[in-house]
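Peer 1: Encoded as structure tokens, here's the structure I'll be asking about.
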Amino acid sequence: MGGSFDPPHLAHAALAQRAIEQLELDRLIVLPTGDAWHKSRTLTDGQHRLKMTQLAFAGLEQCKIDDREILRAGPSYTIDSLLEVQKDEAGSEFFLIIGEDQALQFSTWHRWRDILSMTHLVVAQRPHESSISQSSAQLHPSEMDTVITLDFEAMAVSATQIRLRIENRQDVSAWVPANVLQYIHKQNLYTKTI
């Protein structure tokens with residue numbers, strides 16, 4: 001399960017827990033992205049996002065936070081991480097968990113067909129977005145055999161909203177784990193300096 005985790009929030013942890021249960025995962029590898037080629041904005045420093053991700057998922061025993069994309073120089077592509085993880089975890093069955101927003105763009109991903117051939121694509125719906133069947137329609141029907149819809153009640157929260165609320169000095173405690181929020185305040189993240 002990858003993401004920018006800028007910052008990680010309660011929906012990320014709930015999604016991870018649901019994926020572990022529904023897919024009966026022995027381990028869930030969480031990969032904070034490094035240099036996100038597809039993002040139009042600059043991400044918060046990778047070491048901060050890594051630390052926040054470690055804090056956010058600390059309560060989930062099956063989760064392993066993987067820093068390979070943070071440490072990798074240059075653009076971060078899912079296919080590269082997947083190839084590396086498959087070497088590390090030879091013989092395992094792989095699932096790639098993404099949100100519906102990313103499913104809508106999946107055919108633009110670097111070597112997306114190779115990703116589909118190597119893993120089961122698992123898509124979690126997000127609120128106020130098109131249905132998974134519409135998301136899946138962007139992929140050729142013969143390539144849809146491995147797509148699984150995660151039975152997950154979408155939560156109306158996003159990292160974009162959280163960053164904006166923090167910048168405006170508004171409360172986000174209902175959306176962000178307490179330990180992550182404490183780290184954000186201590187490091188003065190997402191606030192503009194005057």
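Peer 1: Between helix 178-187 and the chain, what is the angle of the helix's C-alpha long axis to the longest principal axis, kept within 0 to 90° and rounded to the nearest 10?
Peer 2: Its long axis makes an angle of about 60 degrees.
Peer 1: What does the charge dipole of region 2-187 about its Cα centre add up to, to the nearest 20 debye, if the Cβ of each Lys and Arg holds +1 and the Cβ of each Asp and Glu holds -1? If you can, show how the numbers build up before the last one.
Peer 2: On the way: 17 positive and 25 negative charges, 154 e Å.
With only Lys, Arg, Asp and Glu charged at Cβ, the dipole is about 740 debye.
Peer 1: What ranking, highest mean first, results for peptides 110-120, 174-184 when packing means the other Cβ atoms within 10 Å averaged over each residue? If you can, show how the numbers build up before the last one.
Peer 2: Details: 110-120: 15.7, 174-184: 18.0.
Final packing ranking: 174-184, 110-120.
Peer 1: Okay, next question. Can you show me the helix-derived [θ] at 222 nm for the chain, built from DSSP H runs with n ≥ 4 at -39,500 (n - 2.57) apiece and divided by the number of residues, rounded to the nearest 500.
Peer 2: Details: 9 runs with 75 residues, N = 194.
Mean residue ellipticity, 222 nm, calculated: -10500 deg cm²/dmol.
Peer 1: May I ask you to evaluate 6.51 cos²θ - 1.76 cosθ + 1.60, the Karplus curve with θ = phi - 60°, for each residue of region 85-92 and list the ³J(HN,Hα) values in order in whole Hz, giving x for glycine and proline?
Peer 2: Once rounded to whole Hz, the list reads 5, 5, 5, 5, 10, 3, x, 8.
Peer 1: Multiplying the sequence separation of Gln22 and Arg169 by 0.36 nm and subtracting their Cα-Cα distance, what value in nm do you get?
Peer 2: Value of the extension gain: 49.2 nm.
Peer 1: Let me ask you something else. Using amide H atoms built in the peptide plane, which far-off residues or other-chain residues are under 5 Å from Gly2 H to H?
Peer 2: Residues meeting the criterion, in which the H sits 1.01 Å from N, are Leu31, Ile97.
Peer 1: A further question follows. For every other residue with a beta carbon closer than 13 angstrom to the beta carbon of Phe94, add +1 if it is Lys or Arg and -1 if Asp or Glu, then tell me the sum.
Peer 2: On the way: positive: Arg27, Lys87; negative: Asp26, Glu84, Asp88, Glu89, Glu93, Asp114.
Neighbour charge sum, excluding Phe94 itself: -4.
Peer 1: Given Thr44, Leu96, Ile79, which one lies farthest toward the positive end of the charge dipole of region 43-128, if we put +1 on the Cβ of every Lys and Arg and -1 on the Cβ of every Asp and Glu?
Peer 2: Thr44
Peer 1: Which three numbers, in whole Å and largest first, are the semi-axes of the equivalent ellipsoid of the chain derived from its Cα gyration tensor as √(5λ)? The partial results should precede the final answer.
Peer 2: Details: eigenvalues 146, 68, 57 Å².
Equivalent-ellipsoid dimensions as semi-axes: 27, 18, 17 Å.
Peer 1: If each residue of separation counts as 0.36 nm, what is the full-extension length gain between Thr108 and Ala178 once their alpha-carbon separation is subtracted? Numbers along the way, then the final one.
Peer 2: On the way: separation 70, 0.36 × 70 = 25.20 nm, distance 3.55 nm.
Here the answer is 21.6 nm.
Peer 1: Moving to a separate point now. Residue by residue through region 49-56, what is 3J(HN,Hα) from phi via Karplus (6.51 cos²θ - 1.76 cosθ + 1.60, θ = phi - 60°)? Round to whole Hz and write x for glycine and proline.
Peer 2: Residue by residue, region 49-56 yields 5, 4, 4, 5, 5, 4, 5, 5 Hz.
Peer 1: Using modelled backbone amide H atoms (1.01 Å from N, in-plane), which distant-in-sequence or interchain residues come within less than 5 Å of Leu150's amide H?
Peer 2: Val123, Ala124, Gln125
Values in this text are rule-based calculations from the coordinates and carry no lab data. Everything numeric here is computed off the predicted structure, so don't read it as measured data. Neighbour counts are summed over all protein chains in view; Cβ atoms, including those assigned to glycine, are modelled from backbone coordinates with ideal geometry.
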